[in-house]
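A short write-up of the structure that comes next.
The values are calculated or read from the model by the stated rules, or taken from the named source; none is laboratory data. Just so you know, these numbers come straight off a predicted model, no measurement behind them. Glycine gets a Cβ as well: all are built from the backbone with ideal geometry, and neighbour counts include every protein chain shown. These accessible areas exclude ligands, DNA and RNA; they are computed on the full protein's heavy atoms, side chains included. Shrake-Rupley method; radii C 1.70, N 1.55, O 1.52, S 1.80 Å.
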Amino acid sequence: MNYRRFQAPEVAARVYQLFNGVYRTGTPSQGEWEVIHEDGSRVQIEGTVELVKGMDGKPASFRGMVRDITERKRAQERIQYLATHDELTGLPNRDVQPPAQCRYSDGAPLRAQIRGVVHRSRSVQDNPLLSRKCRPPRPTWACVL
């Protein structure tokens with residue numbers, strides 16, 4: 001059975017390099033890659049590979065273990081999303097750095113140490129629930145495409 005049948009060509013090349021490195025050096029290795037099931041669904045896996053030598057000391061085969069890490073990857077992506085986006089609106093929060101091509105609403109370029117605020121429908125002064133002692137909002141930023 002050929003492993004390339006269950007992987008995209010670029011992934012198969014990475015897996016080949018992993019196995020080839022283990023074969024050449026004799027050092028166990030591990031990696032993560034994507035496998036395609038017969039029904040077309042894709043699964044993320046983590047694998048470890050080591051070289052098995054025969055009685056004569058020459059390479060005889062490989063031994064390894066594979067684990068499905070699809071759910072772990074999905075959970076990591078969800079945690080990253082929740083860390084950088086508002087859960088209710090889905091908008092990026094203040095921890096998201098604006099892209100380099102973004103500028104303030106007055107046209108001035110952003111500086112790396114300054115973080116912009118995503119568009120607000122009402123400013124702090126317009127909100128009757130907030131105290132008058134609140135600081136004015138930071139300027140908004142927008143991307144120029």
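Looking at LEU145, LEU130, just one residue is surrounded by 10 or more Cβ atoms within 10 Å (Cβ to Cβ), in a loop (DSSP other than H, G, I, E, B), at pLDDT below 55 and not basic (Lys, Arg), and that residue is LEU130.
Would you check which residues across the range 42-59 are open to solvent by 70 Å² or more (accessible area, probe 1.4 Å) and closer than 30 Å to PRO9 by Cβ and list them?
As a first pass, look at the range 42-59 and keep what is open to solvent by 70 Å² or more (accessible area, probe 1.4 Å): 42, 53, 55-56, 58.
Residue satisfying the conditions is ARG42 alone.
When ALA13 is tested against (1) open to solvent by 60 Å² or more (accessible area, probe 1.4 Å); (2) free of Cβ contacts under 8 Å to residues at least 12 places away in the same chain, only condition (1) is not met.
Return yes when ARG5 is modelled with pLDDT of 90 or more and open to solvent by 90 Å² or more (accessible area, probe 1.4 Å) and no when it is not. Explain how you work it out, then say what you get.
Working: modelled with pLDDT of 90 or more: no; open to solvent by 90 Å² or more (accessible area, probe 1.4 Å): yes.
Considered against the rule, which asks whether it is modelled with pLDDT of 90 or more and open to solvent by 90 Å² or more (accessible area, probe 1.4 Å), ARG5 comes out as no.
Got at least one residue in the range 26-41 being among the hydroxyl-bearing types (Ser, Thr, Tyr), touching a helix residue (DSSP H, G or I) at 6+ places or on another chain (Cβ under 6 Å) and surrounded by 13 or more Cβ atoms within 10 Å (Cβ to Cβ)? Yes. Taking the criterion of being outside any helix (DSSP H, G or I) and touching a Phe, Trp or Tyr at 6+ places or on another chain (Cβ under 8 Å), the residues of the range 1-60 that qualify are GLN7, VAL35, ILE36, HIS37, GLN44, ILE45, GLY47, VAL49, GLU50, LEU51, VAL52, PRO59.
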